[in-house]
1. Just to be sure before I move on: is residue 318 out of contact with any helix residue (DSSP H, G or I) (no Cβ under 6 Å at 6 or more places or on another chain) and modelled with pLDDT of 95 or more in the structure I sent?
2. Do we have residue 251 as more than 18 Å from the chain's Cα centre (by Cα), more than 19 Å from residue 195 (Cβ to Cβ) and modelled with pLDDT of 95 or more here?
3. Identify the residue in segment 172-221 that is more than 14 Å from residue 148 (Cβ to Cβ) and in contact with a helix residue (DSSP H, G or I) (Cβ under 8 Å, 6 or more places away or on another chain) and, among all such residues, is surrounded by the fewest Cβ atoms within 10 Å (Cβ to Cβ).
4. Quick check on this structure: which one of 109, 138 is among the polar types (S, T, N, Q), modelled with pLDDT of 95 or more and buried (at least 24 other Cβ atoms within 10 Å of the Cβ)?
5. Go through segment 169-212 and give me each residue that's part of a loop (DSSP other than H, G, I, E, B) and of a type in the set (Ser, Thr, Tyr).
6. Being in a strand (DSSP E or B) and touching a Pro at 6+ places or on another chain (Cβ under 7 Å), is that true of even one residue in segment 250-263?
7. Is it the case that segment 147-155 has a residue that's under 21 Å from residue 250 (Cα atoms), surrounded by fewer than 18 Cβ atoms within 10 Å (Cβ to Cβ) and either of a type in the set (Val, Ile, Thr) or at pLDDT 95 or above (or both)?
8. Which ones in segment 280-299 are surrounded by fewer than 24 Cβ atoms within 10 Å (Cβ to Cβ) and either within 16 Å of the chain's Cα centre (by Cα) or without any contact (Cβ under 8 Å) to a residue 60 or more places away in the chain (or both)?
Amino acid sequence: MKFLSLHILIALTAVATAQEPVIVPPIQVLVDRALPGDTIIVAEGIYIGDITMAKPLALIGENRPVLQGSGEGSCVTILASGCTVKGFVIEQSGSDLMQEDAGILVRSNGNRIEGNDLRDVLFGIYLFEADSNFIVRNTIVGRGHLDYGQRGSGIHIWNSYDNNLAGNVIHDSRDGFYIQYASRTRIDNNTVYDTRYGLHYMYADSNSFSYNRFSHNVAGAAIMYSRGISFRHNVFSHNRGFASYGILFQDCHDVVADSNVIADNVVGMFFEASTNNIYRHNVIAQNDLALQMFQNSIGNIFSGNNFVDNLNPLTIVGKRTDTHWNRNGTGNYWSAYDGYDLDADGIGDVPMKIQNAFNYLEGRVPNLRLYLYSPASQALAVAASAFPVIDINREIDDVPLMVPVDLRSMPALEMALESGSPKNPRPLLAGVAVAAGLAGLVFIGVTRRRKR
C-alpha cells in the first residue's frame, strides 16, 4: 500500500504562528493523484474545498485537521466502495435539503467513517443507497439555530442495508438518526440530545438498537410504519415539551422492547395502530403519563415491567385496547398498587385497575390540573379506590407483582444514573432510589408492603 503525505505540502505553502491556524490549498488534487488502495495522511491544518472520493482510499487525519467545505453541496462525497475517513473536523456544508447536502455523503458500500467531528453541516452523515458501512465514534453537531424543519438529521439512512452505527454523539440536528427503507441496521452505544426525534424509523423493518441514550428531545424515539424492531438496554429520559414522548409507536408491529428505562418524560410511551408487540423488563418511571394508547393498538403484551411513581399510569383513547397485562402468569409491578398478598406468593390477591380517577376528570376539565397535587386530588384517588363509581377503562393487571422485578444488573439503570446530556446535566430519578431494580427500591418496596 502506498502512503501519500501532505506534510511537505504544508511546509511549502503555508507559514503558521502559534496564534494562527495553518491554511493550505484544497487536497482534491492528491486524492485524484492517488492510486486505488492508497492511504493519504493529512497533517494538521485547515483544508478548504470539497472532496470527492471516486476510488477506494483511506483519508487519515493527524492532530484533527479541518476539512472546510465550500458552503455548497457536501464537504466529502464518497462514491467508491471500501473508503475510510478518519480523524477530521469537517464543517461548512451546503444548505439544500433536497440535494442531501452533508458533512459526509456516502453513495457506496463497505466504507468506514470513524472519529470525526462534524459541525455547521446540514446533514451530518448521509447514507444514500449505501450498504454495510461502519459509522463509529463521530460527533455531529447540527445547525441548532434553525427550526427543526430546516435542519438535516445527524445520521440519515435511505434505502440502505446492513449498516452499523456505534459510539456516536449527536445533538442540535433535526433527528439524531433517521432510518427509512433500511433493514438490518444496528445502532449501539450512541448519545443523542437536543433534537426533534432522537431516533426515527420510517418503513424500516428488522432493525435493532441497544445501549443508547436519548434525552432532552421532543421524543426519544419515533418508531413508525415498521415491523420487527427490537431494542434493549436503552435510556429515554427528560424528553419534555409540547407533545413529547419517551417513545412513540405509530403503526408498528412485532416489536420487542426489553430492559429499557423510560423516565421523566411527558408521556412515557404512546401507541397508535400498533399491534402484537412485547414489552418486558422495562422501567417506566416518573413520567407525567406512563402509557397513552389508542384503542386500535391491540394484542400488545406487558410482562415483568416496573411502573414507578408515574402521575398517571394509563390513558386510553377509546374504550379499551385488548392489551395483555401479564404473560404466563407474570404481571407487572405498579408502585400505586394498594392491594395485599395474604398467601405471600409475591402476587397481589386483587387485580390492579390501571387507571387514575383524577386524571380522568382532568382530561374532561383541563383546569383541574391546577389541583394535581392537592389534598382534594389525593382524596379523590382514595375514594375511587374504595368506591369505584367512575368507569374509566377496563384495563386490569390480574396478577400484579408485590415488589419490583429485580433488575439491578440491567445496564440501562447504570446509564440512567449518569447526567441527562453533556449540555444539560441532570441526574435521573434522584430521590426515588432510581426507580426499580437497584437494591434500595427493592428493599423499600418490600418494607412498604409489609407495613400495611
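1. No, not satisfied.
2. Answer is yes for this residue.
3. Ranking the candidates gives 211 first.
4. After applying the criteria, what remains is 138.
5. 173, 181, 183, 185, 195, 203, 206, 211
6. Checked against the condition, which is being in a strand (DSSP E or B) and touching a Pro at 6+ places or on another chain (Cβ under 7 Å), segment 250-263 yields no hits at all.
7. Taking every residue of segment 147-155 in turn, none turns out to be under 21 Å from residue 250 (Cα atoms), surrounded by fewer than 18 Cβ atoms within 10 Å (Cβ to Cβ) and either of a type in the set (Val, Ile, Thr) or at pLDDT 95 or above (or both).
8. Answer for segment 280-299, where residues must be surrounded by fewer than 24 Cβ atoms within 10 Å (Cβ to Cβ) and either within 16 Å of the chain's Cα centre (by Cα) or without any contact (Cβ under 8 Å) to a residue 60 or more places away in the chain (or both): 280, 288, 292, 294, 295, 296, 298, 299.
The values are calculated or read from the model by the stated rules, or taken from the named source; none is laboratory data. A quick note: this is a predicted structure, and the numbers were derived from the prediction, not measured. Note: ideal-geometry Cβ built from the backbone for every residue, glycine included; neighbour counts use all protein chains shown.
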